[in-house]
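Step one of this worksheet: look at the structure below.
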Amino acid sequence: MQWYTTTLEINTHGKGLYELTKEINRQITDWGVALGMAFLFIQHTSASLVINENFDPAARQDLESFLEHVAPEGENWHVHTLEGKDDSPAHMRSIITPVSLSIPIDDGKLSLNVWQGVYLAEHRKRGHRRQVVLRVLA
């Protein structure tokens with residue numbers, strides 16, 4: 001067995017879901033891995049990783065609306081607002097969505113179903129440069 005590792009750099013432009021599936025599969029192909037296990041970890045407390053539908057853009061919109069609903073900005077009980085009114089809700093969103101994923105690799109790509117995609121969920125209003133550690137065991 002062998003480990004492969006890299007850090008993916010993703011520039012976000014504010015809140016939303018940014019699909020990483022193609023970038024991850026491209027890296028797996030570059031490594032020549034046909035069968036294995038992919039481990040992803042985001043090194044931030046105001047962003048997360050999710051697997052969701054990547055066919056209908058309405059699914060992405062609904063997830064983004066859901067996160068706004070469960071952790072809205074500007075609540076009078078928010079204390080952690082050092083970086084703005086989106087600071088505390090961004091951290092709340094990252095505790096209800098995963099910061100790491102484990103996905104099998106088969107036939108040289110992530111073993112996702114037809115309409116599944118891997119997304120970085122940016123929880124802050126302004127853009128950031130996010131790092132996602134990708135490790136593959138083959």
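The values are calculated or read from the model by the stated rules, or taken from the named source; none is laboratory data. Since the structure is predicted, the reported quantities are computational estimates derived from the model, not experimental observations. Quick reminder, even Gly has a Cβ in these numbers, built from the backbone with ideal geometry, and neighbours come from all protein chains shown.
For residue 75, only one of the following conditions fails: (1) closer than 14 Å to residue 20 by Cβ; (2) assigned to a loop (DSSP other than H, G, I, E, B); (3) among the charged types (D, E, K, R). What is its number?
The number of the failed condition is (1).
Within segment 81-106, which residues are modelled with pLDDT under 95, in a loop (DSSP other than H, G, I, E, B) and not acidic (Asp, Glu)?
The answer is 81, 82, 84, 85.
Return yes when residue 13 is exposed (fewer than 14 other Cβ atoms within 10 Å of the Cβ), over 13 Å from residue 121 (Cα atoms) and out of contact with any helix residue (DSSP H, G or I) (no Cβ under 9 Å at 6 or more places or on another chain) and no when it is not.
So residue 13 does not fit the description; no.
Give the number of residues within segment 9-65 that are touching a strand residue (DSSP E or B) at 6+ places or on another chain (Cβ under 7 Å) and part of a helix (DSSP H, G or I).
11
Of all residues in segment 40-66, count the ones that are of a type in the set (Phe, Trp, Tyr) and under 22 Å from residue 25 (Cβ atoms).
Going through segment 40-66 one residue at a time, the tally reaches 2.
Collect the residues in segment 107-134 that are farther than 17 Å from residue 58 by Cα and outside any strand (DSSP E or B), keeping them in residue-number order.
Listed by number, the residues that qualify are 107, 108, 111, 112, 113, 123, 124, 125, 126, 127, 128.
Just to be sure before I move on: is residue 40 exposed (fewer than 15 other Cβ atoms within 10 Å of the Cβ), under 18 Å from residue 101 (Cα atoms), in contact (Cβ under 8 Å) with a residue 24 or more places away in the chain and aliphatic (A, V, I, L, M) in the structure I sent?
no
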